[in-house]
Each structure stands twice: as C-alpha cells, then as structure tokens.
Number of protein chains: 2
Amino acid sequence: MFLFIAGMRTMSDNSLTPPKSIRARSSQRSIIRELLKLASQPDVISFAGGLPSPKSFPVKAIEKATDWVLETQGTRALQYSSTEGEPALRKAIAAHEAELGAPVDPDCIQIVSGSQQALDLMALAYIDEGSKVAVEDPTYLGALSAFKLQRPEFVTLPTDEHGLNPDLIGPEFSGIRFAYVMPTFQNPTGITITEERRKKLAEKAREYDFWILEDNPYGELWYDRQPPKPIRCYAPERTLTMGTFSKVLSPGFRLGYIIGPKPALDPLTTIKQAVDLHTSTFTQLISARCLDEGLMKTHMPDVRALYRTQCHCMLDALERYFPEGTTWTKPDGGMFIWVTLPEYINTDDMMKEALDRKVAYVPSSAFYANEPKFNQMRLSFVTVPPEKIDQGVKVLADLIKEKMAAHNA
Amino acid sequence: MFLFIAGMRTMSDNSLTPPKSIRARSSQRSIIRELLKLASQPDVISFAGGLPSPKSFPVKAIEKATDWVLETQGTRALQYSSTEGEPALRKAIAAHEAELGAPVDPDCIQIVSGSQQALDLMALAYIDEGSKVAVEDPTYLGALSAFKLQRPEFVTLPTDEHGLNPDLIGPEFSGIRFAYVMPTFQNPTGITITEERRKKLAEKAREYDFWILEDNPYGELWYDRQPPKPIRCYAPERTLTMGTFSKVLSPGFRLGYIIGPKPALDPLTTIKQAVDLHTSTFTQLISARCLDEGLMKTHMPDVRALYRTQCHCMLDALERYFPEGTTWTKPDGGMFIWVTLPEYINTDDMMKEALDRKVAYVPSSAFYANEPKFNQMRLSFVTVPPEKIDQGVKVLADLIKEKMAAHNA
C-alpha cells in the first residue's frame, strides 16, 4: 500500500524537480550559452561567442605569478577571505584606475566573481518585482538575463547611430532604479559614446535623480587611442562602474569588480556574503601580482594589436563581400561589429542555415529588452583567426545575397 | 537654478544608494562574517569561524598541479568554460564518490562557486516569497542567509539529542519546497544522524512527497570511522546533495558541487548562467588534477589526524574547565562542538565580554530559523592550535562560572 501511494506520488509535479519558483519557470537558457556549445565544434567558424583569443592569454606570466603567490603566501591564498575582496587586489586596481586618469579609493572597490556577478548583485540589491530599470536598446544580453531573475520592468534609453543619446532623456526616467549603460565599445554594437554625451548623461542623472550602472568590460581594448573617461568621473556620487579581468587577463579566473560610493557598495557586499561568501582568494592574489608586476603595460599592447588586426580583417571582409543594402558599425576597440540587414531578413530564422554552412553569429533579437529587431546580427572578430574571418564573412554574405535575391524575385 | 534642484535632490533617498530592494532593506550582515573580521585580529583566540587550519592546506601539491595545468592546457584553463562545469572535474568527483560507495554519473554533477552558491541557486530556483522550506533546528546560518534573500517561510524539522528525528515528520511537511539537512557532523552541533534515521527520512520524503537538500561539507572529516552513506543513496530520485572542496583542499578556491537527478539540476544550471556564467575554469582544472593524482588518499589522513587531535584537545579542556550545569556534543568528525549553558545565560550578551577577554565563539541565536535559543554556543576547534584551545576554553569557563555565581548570588 505504501509503495502504491509512493508510486502515485512520483507522478506528481514533484517527480522530476522540487516545486519551481516563478523565476525558474520563466527563465530560459541564454541563447549565447547554447551557441557557445555549438561554437566549440571545431568545424564551425564562430562569430557568436565573445571568447577572447587564446593568443591573448599571458600563460607564462600567470604561471610565474602563481608560483610566487603559493611560495610567499600559500596558506593565505588557499584560505577564506573577506567578502569585500583581497586588499592587495583592491589596491592594485586602484593604482591601475589612477593611471587611466580615474582615481578611486581601494575601499570603494568590491571584488566580484566575474562582472556577470556584479549584474546579479545589482539586481538582488536594487530590483524588486516590477521595478523600472533603464537599458540601452540594444543592450548586453547577459545583463538582461541577470536582471530578469528579479522580474523588473525594462524601459529603454534613447539611442541613435552614435549610441546612447542623453539629450532625449526626460522626466519619465526619474522613477527608475538605475540606468544600465555600456558607454565604451558597447556589446553588441561596438559603439563608444562621446565625452560630451557622457557629461550630458551625468547631468541628466542628476536632474532626474537616478543612478547609473556603468559596465566597462572592454575599455582596455582600444586600438588607436584611449576612449573618453568612464562616466563615473562625471557623476561619481551616483555611478557604480563594473570592471573585469576577463578580457585583459583571463575569463577563466572569473574575476571582476565594482567601483562606487561605499554606501551603495555596502548592500552589494551584504548580499554577496549570502550568495557566495567571497571570490576566490587564489585568483585574486594571482591577479594582484600580475598587476603589480606591470602586466597590463607589457601585455595589453599585444592584445590591442591582435584585436585591431582582426577587427580590420573583418571590416575589410564585410566591405569586400557584403551586398549593398547592408550596413555595419566600425568600432575603435572591443570585440564586436553590429550588422544591419534589410528589414525583411530575419536573423533568428537565418541562424539555422548559417550553422548548416558552419558559421555562427548572435541574432539581434537577443539584445533587445522589449521590442526586438530581427534584421541585425552581432559578429565577434576576436575568437577566429584572420583567414577564417574572411572565409566566414564570405559564407554569411552569400547567404544574405541569396535571401535578397529570393526577396526581389 | 539647476544646481539648486540638483542639491535638493541629493537630499532624497537616492542620495546614498539607488532605491533598495525589499530584500536589501531586510538583509543584514551575517554575524559570522563580522566575527571573522574580529577573529583575524592576532591576539584573539577565535573558536568562531570555521576557517580550516592552514596546516591542512596541501600547498606543494596545489603548486605542482597548477604548473601541470598551465603547461599542458594553459589556454583552456584561462578560457571561458561551460556553466555545468569542466568535464575533467565532474569525472574526478564521480570517481571519488564511487570510491565512497555512492556512485554518480558525471552528468548529474553541477559545479558551483563554493557550496554557498549551491544554497543561493536552490533559493533562486525553488523558493518564491512565502514558500515553505524546512530546516533543522538549529541549522547552518549561511543557509538561512541564502534562503532568506528569496523570503521563504521556515518550518523546523523535529530534532532531539541525536539530531534530526524523522519519526516525527508528519503530513505538515507535504507542501514544502524542500528540506535542508546536514546529516553528517552538522554545523553547528557536530551531530551525525544514524543510517536508520537516514533511511527513515528518505521514506518520509517519499511518503509526503518532498525533496531533500543534503549538505555534506564535512563528510570527509571523520576521525575514527567513515560516517553512514549520504541520504541521496536512500532517496536518489528526490535528493540534491551539496559537496565542497573548501574543507579538504582549499576554501580559497571557492569550489563546490551539487549531485542530483539531471532534471532537478537543469533549473540550477540555467540560473547559474545568469548569476555568474560559470565557476573558475582554472581552479576547476587544478582541483581535478589534485583528485586524479590521488591527493584525497594521501592528504586526508593527515587532515583527519590533525582535527581529531584538536577535537580531543577541546573536549578535554571542556571536561577540565567547564562547570557542572553545562553540556556539549562529542562529535566523531567535522569542525564544531555545540555547548549548552544554563538557560539564564545569554550567549549573545556574553559575546562582548568574551571578546574583551580575547576569545570568540558564535552565539546560538544565529542558527535558529524561527524561535532562537540564547543559551548555547558553537565552538570550532580547527583554526586554533592545541595550546590556545586549552587557554581559550579556560577563559570561557571562567566567564561562565562568574555568570553562574552572579545568578546564584
């Protein structure tokens, strides 16, 4: 009898999982992560993921720094640490920011487990169900996934072909929890907003009393000249700025940071205690050593040169192969080019055909919070070597030309 | 005029932080984290934190494994990885679990950023506001902080001097999201529940159709004999088991895992994508190498011997110094002893006096979900060397005797 009841009960909702939360029922796997799986197939030319070129990894320097850390402070590196982060790393980051012309007190830096965690902590600390959060249009899809777990309402910031346009920000933004922006080499468009627009955004934030969450993962990846200063330099009292080591040192470390006024960091620290106690002491101390040893100065010029070459290679290939009626951004840094196709081409639908021809990209629909556009695509030029970039762009161009011919017929 | 308005606005709620979420307004810093800060003062004898003895860290073996990883698969170790975790580590964990008599398919293992993250992911995937979650009484305070972010209602599992007593579980538990239990060397009590109680709990979970979240951070830290098998061996279809490398390899790695049926892991994986993409590839591969090289077999006997000695040292000191009217648990493993004082002594209040005398513990109130008890304390014997254990226990005993004398006077 007991077995019979038990058998019946295993037919209930609880048979496969515990009862799911509303957010678990509504969250879906991110397209980008699923694509990364396809991208890992060796015969696919993937412009989809934002995987840094393995050539950009300073393996030897990291090995040297690791040996130093384990030999000089091994038991500290392997022990629990404080939630705020290792003092050595916070100090090294402060020194680096000062060199970039954006000084900060080490106490105003919170270390996080990759900048994706910064997005999650912001959502936990500053979003309730139905809270208004402003995002660019398009915006980084990983930010949308992190914020969505707390079920906000998204409002979109006005943008034009030069990126975010703060002139059009009006009083409708005064009730938002924060505005999430990526002003430098934006993901997905590659666009950098001007110093003038940064200053204007800071003014508007003051005028309408909202906070800015500035995401700056690509600031170091400039090709010919340093980008304008971060927005936090213009509105330090109401900006939290996220940084990461994933694009300059190693994504495998999962190491990022948030800079901002201490009172605004405090709730993030408290919540981080509850979600993962602290970030790896080991990778923090290794990264601190790499910074102290001047790795950014010796290493970044090579990474910049590598990505500049690959960016130009993709721009050349787009110029060479892509048909009239298509346009694309021309980034001065970062990892991405944003391509716009004729409105009748749906890049979601085209994805399968592209993958059949062994080329991957990310369709534009994933990057819009509310009203998706379907005729764009994000191409990353950092993972694939130059000869493959040319080959992959040609495959996409041929596919698009076929679509255009079919439409015109 | 603009400046005036801006000035006025900085007086609003948004002047110091963005508008806070309900959870941020209600979450407080964990006592244990604040205590860890005090514990780091060199003149304090801290029985408060659960910091493993630095003597237990296999620094040389980790250095060797790191060099091997960077030399043989450096670019992989520094690159992004899959959310599920590195195949090499999942395979190594599966092999280790099989050796312990609890085999598992590597696909049924999700890697997490320390087992604290497992608690957070469980909360995000399986708790809505007001959901019922069952916990032991007392229970691990870090679990309470992680779960509280999603604002559940806690119900307490029946316990007695032998720990969780499943005989007393009735139909009132049939609507819960899951029951969180730590059956082996429990934090905070040090108690291990018998094989019979594990089987009975599995039966009750089936009878009342609930899931079990089994936390097993200390299972490897047995002193004289291996503890009974994990509960997942008795209810594999409805148990998620959390493991960690923090107590056996390095807490500084922030590396843990969840074992369970694939469909119940899937929502955790999806949510992990949004909260931190994945756990450090670097520390995963180093840990996999350590496991493959047999570090658990060569290293754990030393850790067990170290903690056995320190546990007996504390038990001896308690016997020697603590007055009649006080009792304590006698653990067979793990890191903690749970002391019960006369009901009129409040360990929250006594904390300041103990710290004035340079000894720290964790007061019992932190470990209760609903109705706190105030006359108990958790003592950890793993961080402090034997001579200090004796000294610190004597200080506490004197303080307690003073309290008792004052009460009786």
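B:Thr189 meets the conditions (1) surrounded by fewer than 24 Cβ atoms within 10 Å (Cβ to Cβ); (2) away from every other protein chain (no Cβ under 14 Å) in every case but one. The failed one is (1).
Scanning the range A:375-403 for residues that are over 16 Å from A:Cys311 (Cβ atoms) and either surrounded by fewer than 18 Cβ atoms within 10 Å (Cβ to Cβ) or free of Cβ contacts under 8 Å to residues at least 24 places away in the same chain (or both) yields A:Gln391, A:Lys394, A:Val395, A:Ala397, A:Asp398, A:Leu399, A:Lys401, A:Glu402. Tell me yes or no: at least one residue of the range B:270-282 is more than 9 Å from chain A (Cβ to nearest Cβ), within 22 Å of the chain's Cα centre (by Cα), farther than 24 Å from A:Leu255 by Cβ and touching a residue at least 40 places away in the same chain (Cβ under 8 Å). Looking for residues that are more than 9 Å from chain A (Cβ to nearest Cβ), within 22 Å of the chain's Cα centre (by Cα), farther than 24 Å from A:Leu255 by Cβ and touching a residue at least 40 places away in the same chain (Cβ under 8 Å), one finds none in the range B:270-282, hence no.
Among the residues of the range A:283-314, those identified as over 30 Å from B:Ser113 (Cα atoms), out of contact with any strand residue (DSSP E or B) (no Cβ under 7 Å at 6 or more places or on another chain) and of a type in the set (A, V, I, L, M, F, W, C) are A:Ala305, A:Leu306, A:Cys311, A:Cys313.
Check the range B:215-223 and report whether any residue there is within 13 Å of chain A (Cβ to nearest Cβ), out of contact with any Pro (no Cβ under 6 Å at 6 or more places or on another chain) and farther than 30 Å from A:Leu144 by Cα. Taking every residue of the range B:215-223 in turn, at least one turns out to be within 13 Å of chain A (Cβ to nearest Cβ), out of contact with any Pro (no Cβ under 6 Å at 6 or more places or on another chain) and farther than 30 Å from A:Leu144 by Cα. Of all residues in the range A:51-84, those satisfying the criterion of being within 24 Å of A:Val303 (Cβ to Cβ) and assigned to a loop (DSSP other than H, G, I, E, B) are A:Leu51, A:Pro52, A:Ser53, A:Phe57, A:Pro58. Looking across the range A:42-59 at every residue that is at the interface with chain B (Cβ under 8 Å from one of its Cβ atoms) and in contact with a strand residue (DSSP E or B) (Cβ under 9 Å, 6 or more places away or on another chain), the one that is surrounded by the fewest Cβ atoms within 10 Å (Cβ to Cβ) is identified as A:Leu51. Every listed requirement among (1) more than 21 Å from the chain's Cα centre (by Cα); (2) buried (at least 24 other Cβ atoms within 10 Å of the Cβ) is met by A:Glu207 save one, (2).
Tally the residues that are in a helix (DSSP H, G or I) and under 22 Å from the mean Cα position of the chain (by Cα), restricting the search to the range A:95-135. The qualifying residues number 15. Of everything listed in (1) assigned to a helix (DSSP H, G or I); (2) in contact with a Gly (Cβ under 9 Å, 6 or more places away or on another chain); (3) in the same structural domain as A:Ala143 (by TED's automatic domain parsing), the single unmet condition for A:Ala92 is (2). Scanning the range B:60-85 for residues being touching a Leu at 6+ places or on another chain (Cβ under 6 Å) and facing chain A (nearest Cβ under 8 Å) gives a total of 3.
Here's the yes/no breakdown for (1) touching a helix residue (DSSP H, G or I) at 6+ places or on another chain (Cβ under 9 Å); (2) closer than 30 Å to B:Arg25 by Cα; (3) not basic (Lys, Arg):
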| residue | (1), (2), (3) |
| --- | --- |
| A:Leu255 | yes, yes, yes |
| A:Val275 | yes, yes, yes |
| A:Leu285 | yes, no, yes |
| A:Arg304 | no, no, no |
| A:Met314 | yes, no, yes |
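Scanning the range B:108-132 for residues that are over 25 Å from B:Thr283 (Cα atoms) and charged (D, E, K, R), we see that the one that is nearest to the other protein chains (Cβ to nearest Cβ) is B:Asp128.
Residue by residue, here is whether (1) free of Cβ contacts under 8 Å to residues at least 24 places away in the same chain; (2) under 24 Å from A:Phe253 (Cα atoms) holds:
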position	(1), (2)
B:Ala61	no, yes
B:Ala65	no, yes
B:Pro103	yes, no
B:Gln117	no, yes
B:Asp120	no, yes
B:Glu129	yes, no
B:Val133	no, no
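Here A:Glu371 clears all of (1) of a type outside the set (A, V, I, L, M); (2) modelled with pLDDT of 95 or more; (3) under 25 Å from A:Ala146 (Cα atoms); (4) buried (at least 23 other Cβ atoms within 10 Å of the Cβ) except the condition numbered (4). Evaluate the range A:155-176: report whether one residue or more is within 11 Å of another protein chain (Cβ to nearest Cβ) and without any contact (Cβ under 8 Å) to a residue 24 or more places away in the chain. No, the range A:155-176 contains no residue that is within 11 Å of another protein chain (Cβ to nearest Cβ) and without any contact (Cβ under 8 Å) to a residue 24 or more places away in the chain. Look at the range A:294-320: where a residue is under 19 Å from A:Ser246 (Cα atoms) and a partner is part of a helix (DSSP H, G or I) and not aliphatic (A, V, I, L, M), sitting 6+ places away or on another chain with Cβ atoms under 7 Å, you get A:Met296/A:His96; A:Val303/A:Ser56; A:Leu306/A:Lys55; A:Leu306/A:Ser56; A:Gln310/A:Pro386.
Looking for something among the acidic types (Asp, Glu), at pLDDT 95 or above and surrounded by fewer than 20 Cβ atoms within 10 Å (Cβ to Cβ) - is there at least one such residue anywhere in the range B:333-346? Among the residues of the range B:333-346, at least one is among the acidic types (Asp, Glu), at pLDDT 95 or above and surrounded by fewer than 20 Cβ atoms within 10 Å (Cβ to Cβ), which makes the answer yes.
A search for C-beta distances below 6 Å between a residue of the range A:200-214 that is facing another protein chain (nearest Cβ under 8 Å) and any residue that is assigned to a helix (DSSP H, G or I) and surrounded by fewer than 24 Cβ atoms within 10 Å (Cβ to Cβ), counting only pairs 6+ apart in sequence or on different chains, returns A:Arg206/B:Ala6; A:Asp209/B:Arg9; A:Asp209/B:Asn14; A:Phe210/A:Phe173.
The values are calculated or read from the model by the stated rules, or taken from the named source; none is laboratory data. Predicted model only: the values in this text are computed from it and were never measured. Using ideal geometry, Cβ is built from the backbone for each residue, glycine included, and neighbour counts are taken over all protein chains shown.
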